[in-house]
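The block underneath contains the structure these notes are about, expressed in structure tokens.
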Amino acid sequence: MQNKETPSPAGATPAVPEATAPGARPWWLGIAVILLGCVCLYATTTLPATAQYAAIGPGMFVTIAGGGLLLLGILLLIQIARGERFEAQNAENAAGNLPMDKRAFFTALAATIVPALTMEALGLPITAMLSFTLVARAFGSNKTLIDLITGAILGSVCWFLFSRLGLQLGGFLPLAGV
């Protein structure tokens, strides 16, 4: 992914390739990653780094994530300064030149919003079942019943394991009073 200068129609090579012109470099991307890291690190000021029941508390993970984001943002800015081009790339089963599948994107986005809206009212197993099914649908699954069952099993297992650790995730099925 190095810069490749392309000759202009007149046969002369431009001094600065079009993709690396100062206005075409996505400086905002590196700055945004650094800002996200700063937000994470600021949030850790109110979270304990250790907990009574474990050596690692909730603040430890957020601190590591914030530091990682800062480091990645700096590395991204270095790559942008060197003139790295950011182009769509082919992946395992997707061509880089195809447009984004908006339906799949918004289905996956809905799957991330569902827990915030349903966790207290429906409980972890049903919430996990709904989120898992939406994500599976976004990735192209057409087996809705199997996805619902798999999500319910994963959510139930997680609820039981977390409750064995002493963590309260609310009721198992609040609608049923359990």
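Just a few scattered comments:
- FRET efficiency, 1/(1 + (r/R0)^6) with R0 45 Å, evaluated for LYS143 and ALA43 via beta carbons: 0.70
- Taking every Cα-Cα distance in segment 102-176 and sorting them into 5 Å bins from zero, the calculated P(r) comes out as 3, 19, 23, 24, 16, 9, 4, 1, 0 percent.
- The Cβ shell under 13 Å around ALA110 holds other residues with a net charge of +3, Lys and Arg each +1, Asp and Glu each -1.
- Cβ-Cβ FRET estimate between GLU87 and ALA110, R0 fixed at 35 Å, reported to 0.05: 0.75
Every read-out reported here was derived from the displayed coordinates using simple, explicitly stated rules and does not represent laboratory data. All values derive from a computational prediction rather than experimental measurement. For neighbour counting, all protein chains shown are included, and Cβ atoms are generated from backbone atoms with ideal geometry for every residue, glycine included.
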